[in-house]
Amino acid sequence: MLPDNIRLLSLKEIGFNGELPENQRTIEGNAIEKARFLFEKFNIDCFADDSGLEVDALNGLPGVDTAHYAGPERDQIKNMDLLLKNLEGKPNRSARFKTVFALFWQGEMYEFSGLVLGSIGFEKKGENGFGYDPIFIPDGFSETFAELGPEVKNKMSHRAMATRQLVDFMLF
């Protein structure tokens, strides 16, 4: 998706094998913190992202804690089970997936974001995807992300939207 004059390097390729910091209380904050850390440590143009699921009836939770909602082990089954339990008896099941990319480019910081609106189903359905895909139903569909499969999800997901914005910027 990027032009030939831009080469993406993995963390391993730039000599980083540790954990990136994630100490902020917002998705945007974590993306910026990770990108700033890499920019300052390696003095190279770089980007980082953070993503999360925000559920209206839970005041935006799990949000920044999406990956470890049910505990530090980041167990996606336990995360979904806890979310479904916490939504029991709540009529409002509206939710959104959000991704934010923070890009440090030529000394400036830029943000790109993607948002997919939807709702949380009542049970897990589908075999594709990861995380909360088996319980998230995007607006306009009756199937979960896990039922829709990667061909559909990757065209409309929050990450796809943010990635397109980033690529469009890089193509200027």
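³J(HN,Hα) across the stretch 77-93 via Karplus (A = 6.51, B = -1.76, C = 1.60, θ = phi - 60°), whole Hz, x for Gly/Pro?
Values per residue, Gly and Pro as x: 5, 4, 4, 5, 4, 5, 4, 4, 5, 5, 8, 4, x, 9, x, 7, 10 Hz.
Can you run phi through the Karplus equation (6.51, -1.76, 1.60; θ = phi - 60°) for the stretch 27-38 and list ³J(HN,Hα) in whole Hz, with x for Gly and Pro?
Per residue, the Karplus-derived 3J(HN,Hα) values read 4, 4, x, 5, 4, 5, 4, 5, 5, 4, 4, 5 Hz.
Given the stretch 1-56 reduced to its alpha-carbon atoms as identical point scatterers, what log10 I(q)/I(0) does the Debye formula return at q = 0.17, 0.18, 0.24 Å⁻¹?
Reported log10 I(q)/I(0), two decimals: -0.63, -0.69, -1.01.
Return the calculated 222 nm mean residue ellipticity for the chain, to the nearest 500 deg cm²/dmol, obtained by summing -39500 (n - 2.57) across DSSP H runs with n ≥ 4 and dividing by the residue count. Walk me through the numbers before you get to the answer.
Numbers: 4 runs with 53 residues, N = 172.
Value at 222 nm, helices only: -10000 deg cm²/dmol.
Using packing as a proxy for protection, rank 127-135, 75-83 so that the peptide with the highest average count of other Cβ atoms within 10 Å comes first.
Details: 127-135: 18.9, 75-83: 17.2.
Ranked from most to least packed, the peptides come out as 127-135, 75-83.
Based on the Cβ-Cβ distance of Lys90 and Phe169, what FRET efficiency does E = 1/(1 + (r/R0)^6) give at R0 = 45 Å, to the nearest 0.05?
On the way: r = 39 Å, r/R0 = 0.86.
Efficiency, from the Cβ-Cβ distance: 0.70.
I need the calculated FRET efficiency for the pair Glu73 and Glu28, taking r as the beta carbon distance and R₀ as 22 Å, to the nearest 0.05.
On the way: r = 25 Å, r/R0 = 1.16.
According to the calculation, E is roughly 0.30.
Among the listed pairs Lys12/Lys124; Lys12/Lys153; Lys98/Lys125; Lys85/Lys153; Lys85/Lys155; Lys12/Lys85, give every one whose C-alpha distance is greater than 32 Å. All intermediate terms of the calculation are to be shown ahead of the outcome.
Working: Lys12/Lys124 35 Å; Lys12/Lys153 28 Å; Lys98/Lys125 21 Å; Lys85/Lys153 25 Å; Lys85/Lys155 30 Å; Lys12/Lys85 39 Å.
The pairs that break the limit, which is 32 Å between Cα atoms, are Lys12/Lys124; Lys12/Lys85.
Grab the Cα-Cα distance for Leu82 and Phe130, subtract it from 0.36 nm times how many residues apart they are, and report the gain in nm with one decimal.
Values: separation 48, 0.36 × 48 = 17.28 nm, distance 1.59 nm.
The span from Leu82 to Phe130 would gain 15.7 nm if fully extended.
Would you kindly derive the ³J(HN,Hα) couplings of the stretch 143-160 from the backbone phi angles with the Karplus curve 6.51 cos²θ - 1.76 cosθ + 1.60 (θ = phi - 60°), listing them in order in whole Hz, with x for Gly and Pro?
9, 6, 3, 5, 7, 5, x, x, 4, 7, 4, 5, 7, 10, 6, 4, 5, 4
If you average 1/r across every pair of different Cα atoms in the chain and take the reciprocal, what Kirkwood value do you get, in Å? Please report the intermediate quantities before stating the final value.
Numbers: mean 1/r = 0.0586 Å⁻¹.
Over the chain, the inverse of the mean reciprocal pair distance is 17.1 Å.
Using amide H atoms built in the peptide plane, which far-off residues or other-chain residues are under 5 Å from Ser119 H to H?
HN-HN under 5 Å from Ser119: Ala95, Ile137, Asp139.
Pop the C-beta distance of Ile14 and Val152 into the FRET formula with R0 = 25 Å and round what comes out to the nearest 0.05.
Details: r = 34 Å, r/R0 = 1.34.
Efficiency, rounded to the nearest 0.05: 0.15.
What ranking do Ser142, Ser94, Ser113 get, fewest neighbouring Cβ atoms within 10 angstrom at the top? Intermediate values should be presented prior to the final figure.
On the way: Ser142 9, Ser94 13, Ser113 18.
Going from least to most buried by this count: Ser142, Ser94, Ser113.
Bear in mind that the values in this text are calculations on the coordinates, not laboratory data. Treat the numbers as computed from the prediction; the structure is a model and nothing was measured. For neighbour counting, all protein chains shown are included, and Cβ atoms are generated from backbone atoms with ideal geometry for every residue, glycine included.
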